[in-house]
1. Quick check on my filter: what residues within segment 156-171 are among the hydrophobic types (A, V, I, L, M, F, W, C), surrounded by 14 or more Cβ atoms within 10 Å (Cβ to Cβ) and closer than 18 Å to ALA236 by Cβ?
2. What are the residue pairs meeting all of these: first residue in segment 184-209, first residue hydroxyl-bearing (Ser, Thr, Tyr), second residue surrounded by 15 or more Cβ atoms within 10 Å (Cβ to Cβ) and not in a helix (DSSP H, G or I), Cβ atoms under 7 Å, and 6 or more apart or on different chains?
3. Can you pull out the residues in segment 267-285 that are surrounded by fewer than 17 Cβ atoms within 10 Å (Cβ to Cβ) and over 14 Å from ILE78 (Cα atoms)?
4. Taking the condition in contact (Cβ under 8 Å) with a residue 40 or more places away in the chain, small (Gly, Ala, Ser), in the same structural domain as LEU47 (by TED's automatic domain parsing) and over 17 Å from ILE145 (Cα atoms), does ALA67 pass?
5. How many residues, within segment 125-155, are surrounded by fewer than 19 Cβ atoms within 10 Å (Cβ to Cβ) and of a type in the set (Val, Ile, Thr)?
6. From LEU38, LEU10, LEU43, grab the single residue that is surrounded by 18 or more Cβ atoms within 10 Å (Cβ to Cβ) and over 16 Å from HIS265 (Cα atoms).
7. Could you tell me which residue of segment 89-121 is farthest from the chain's Cα centre (by Cα), considering only residues that are assigned to a strand (DSSP E or B) and surrounded by fewer than 21 Cβ atoms within 10 Å (Cβ to Cβ)?
Amino acid sequence: MARNIPTDLLRAFVTVVDLGGYTRAAEALGRTQPAISLQIRRLEELLNAKLIASAGRQVALTDAGLALGPYARQLLRINDDILAHFAETELSGWIRVGVPVDFSHAFLLEAIAGFAARHPDVRIEIESLLSQDLRSALAADKLDIAVAILPDGEVPYLVDTTVIEPFWAVGSAAQIDRRAPLPLLRHPDPCEYATRMRAALRRAGRSWRTVLVARDVAGLQTAVRAGLGVTALTPATLLPGMRVGRADEGFPPLAPLRIGLLYKHASLTEAGHGLAQHLLDHIRKDRA
């Protein structure tokens, strides 16, 4: 017989993680602290695994708790999607959203602007940072939602992911000399794009040299079109005056990028949830 996991148990688990303790989770969910503790124990019994190892007032996740996190957040997102779909309330309030400078910046801003136009009572504050800084700002409650490129391994507050295939971007008139070191344009390290470019070149046995480091994608785009060098981009950031570098020119394939939607369920409003889902849908449409 199939078993079901009650969403209230998953929400208790995620809220404890997001807010860093049972007492805060109880306040946020309108329950008592013992009731939250009981829900966590019921979830552990259902999964036959210890999920949270508390040390004093600190909450630490076990390996099983880390593994459960993404599944729990995805199920809660779907649950909230269903409720939002049938809700008739108008969205309102403030949302602080972070978008990365290193992935489809204008593309994401267009998506946010479209959402704001459909929901005039929602006020959106946008922060543009490197992906690692976005994740830190979300953890420090300086953002409500973040879209960021993800490193390998576990990432806190990750709700859902999609995969983007990056490619080599070359100036339209550029002539590539396969005998010379490849001139690279990149963001400051640590940068997932730069990591993939260097790894691909190492595998191919091709040398390179960095000629420009820029924090914003516009700087890289301008340099590519000027013929200064090559970089890695995604479909949404390929502009006129650029083309995709070909394998027969010596451009090895680049490893896929994971793009993550991150937020804390415990503090996200209905308006925030609506924007989060809108951004995720928009990114997925761009994968082709």
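The values are calculated or read from the model by the stated rules, or taken from the named source; none is laboratory data. A quick note: this is a predicted structure, and the numbers were derived from the prediction, not measured. Virtual Cβ from ideal backbone geometry, glycine too; neighbours counted across all protein chains shown.
1. Within segment 156-171, the first condition is being among the hydrophobic types (A, V, I, L, M, F, W, C), and the residues that meet it are 158-159, 163-164, 167-170.
Checking which are surrounded by 14 or more Cβ atoms within 10 Å (Cβ to Cβ) leaves us with 158-159, 164, 167-170.
Listed by number, the residues that qualify are ILE164, PHE167, TRP168, ALA169, VAL170.
2. Pairs found: TYR193/ASP102; TYR193/PRO166; TYR193/ARG186; TYR193/HIS187; TYR193/ALA232.
3. Listed by number, the residues that qualify are SER267, THR269, ARG284, LYS285.
4. Working: in contact (Cβ under 8 Å) with a residue 40 or more places away in the chain: no; small (Gly, Ala, Ser): yes; in the same structural domain as LEU47 (by TED's automatic domain parsing): yes; over 17 Å from ILE145 (Cα atoms): yes.
The answer is no for ALA67.
5. 2
6. Numbers: LEU38 fails: surrounded by 18 or more Cβ atoms within 10 Å (Cβ to Cβ); LEU10 fails: over 16 Å from HIS265 (Cα atoms).
Just a single option satisfies the conditions, and that option is LEU43.
7. Residue satisfying both the conditions and the ranking: GLY93.
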